[in-house]
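Asks: Sharing a structure here in structure tokens format.
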Amino acid sequence: MDRSEQLENILDHYQNPRHHGELAGADVHVEGGLPGCSDLVTLYLKIEGDKIEQVSFTGEGCTISQASASMLSELVAGMSLEDAAALDHDFISDMIGKEIVETRPRCATLSLDVLRAALKKYRKEQIEKGK
């Protein structure tokens, strides 16, 4: 995608977010935000076996943070926990566009950081339950 297509995609996800709203019966949810900024993202995950069956998010903030959460939620739905845990900032650059991420890296990667925290919390809770 060229830059104008990337911007159009970001605006579309911001104005028409996918998987937006609280997810009833979520197995785990985690809120994250950026200090000194008003970007907030809460991810909700429903997990079946080793797969993210459903994902949703709520939040507020800039176009990039919210569009990134929408895009990420669309892509991780149906993904294995292992594959989701392996996602990195390069993945976000590919998803959104490297040039755009470089202008607002913390905003662009907020949802990924929250996803990682949610997966970590879920694993910890499963260990505590003896699963």
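Asks: Looking at region 99-117, which of its residues are surrounded by 13 or more Cβ atoms within 10 Å (Cβ to Cβ) and free of Cβ contacts under 8 Å to residues at least 60 places away in the same chain?
Replies: Matches in region 99-117: VAL101, ARG104, PRO105, ALA108, THR109, LEU112, ARG116.
Asks: Restricting attention to region 35-54, does a residue exist that is within 27 Å of LYS124 (Cβ to Cβ), under 13 Å from the mean Cα position of the chain (by Cα) and among the small types (Gly, Ala, Ser)?
Replies: No, region 35-54 has no match at all.
Asks: Tell me, please, whether a residue that is surrounded by fewer than 20 Cβ atoms within 10 Å (Cβ to Cβ), in contact with a strand residue (DSSP E or B) (Cβ under 9 Å, 6 or more places away or on another chain) and hydrophobic (A, V, I, L, M, F, W, C) can be found in region 49-59.
Replies: no
Asks: Between ASP83, ASP94, ASP90, which is of a type in the set (Asp, Glu) and modelled with pLDDT of 95 or more? Walk me through it before giving the result.
Replies: On the way: ASP94 fails: modelled with pLDDT of 95 or more; ASP90 fails: modelled with pLDDT of 95 or more.
Only one candidate qualifies: ASP83.
Asks: Is there a residue being small (Gly, Ala, Ser) and farther than 30 Å from SER4 by Cβ anywhere in region 46-66? I'd like the intermediate steps shown before the answer.
Replies: Going residue by residue through region 46-66, those that are small (Gly, Ala, Ser) are 49, 56, 59, 61, 65.
From what is left, the residues that are farther than 30 Å from SER4 by Cβ are 49.
Yes: one or more hits.
Asks: For region 19-28, check the following and say yes or no: at least one residue is in contact (Cβ under 8 Å) with a residue 12 or more places away in the chain, crowded, with 16+ Cβ neighbours inside 10 Å and in a strand (DSSP E or B).
Replies: Residues of region 19-28 in contact (Cβ under 8 Å) with a residue 12 or more places away in the chain: 19-23, 25-28.
Within this subset, residues satisfying the condition of being crowded, with 16+ Cβ neighbours inside 10 Å are 19, 23, 26-28.
Narrowing further to those that are in a strand (DSSP E or B): 28.
Yes, the conditions are met somewhere in region 19-28.
Asks: Mind checking which residues of region 29-65 are touching a helix residue (DSSP H, G or I) at 6+ places or on another chain (Cβ under 6 Å), assigned to a loop (DSSP other than H, G, I, E, B) and farther than 24 Å from ILE100 by Cα?
Replies: ASP50
Asks: For region 106-117, give me the residue count where each residue is more than 13 Å from GLY61 (Cβ to Cβ), touching a helix residue (DSSP H, G or I) at 6+ places or on another chain (Cβ under 9 Å) and of a type in the set (A, V, I, L, M).
Replies: Number of matching residues: 2.
Asks: Moving to a separate point now. Criterion first (in a helix (DSSP H, G or I), surrounded by fewer than 20 Cβ atoms within 10 Å (Cβ to Cβ) and among the basic types (Lys, Arg)) does LYS120 satisfy it?
Replies: yes
Asks: Please work out which one of (1) touching a Phe, Trp or Tyr at 6+ places or on another chain (Cβ under 7 Å); (2) part of a strand (DSSP E or B) is the condition ALA69 fails and give its number.
Replies: Against the list (1) touching a Phe, Trp or Tyr at 6+ places or on another chain (Cβ under 7 Å); (2) part of a strand (DSSP E or B), ALA69 comes up short only on (2).
Asks: Something else about it: So, in region 1-18, of the ones that are of a type in the set (A, V, I, L, M) and in a helix (DSSP H, G or I), which residue ends up surrounded by the most Cβ atoms within 10 Å (Cβ to Cβ)? If you could, list the steps in order and put the result at the bottom.
Replies: Filtering region 1-18 down to residues of a type in the set (A, V, I, L, M) leaves 1, 7, 10-11.
Filter once more, so that each one left must be in a helix (DSSP H, G or I): 7, 10-11.
Numbers: LEU7: 16, ILE10: 21, LEU11: 12.
Top of the filtered list is ILE10.
The values are calculated or read from the model by the stated rules, or taken from the named source; none is laboratory data. Computed from a prediction, not measured in an experiment: that's the story for all the values here. FYI the Cβ positions are ideal-geometry reconstructions off the backbone, even for glycines, and counts take in every protein chain you see.
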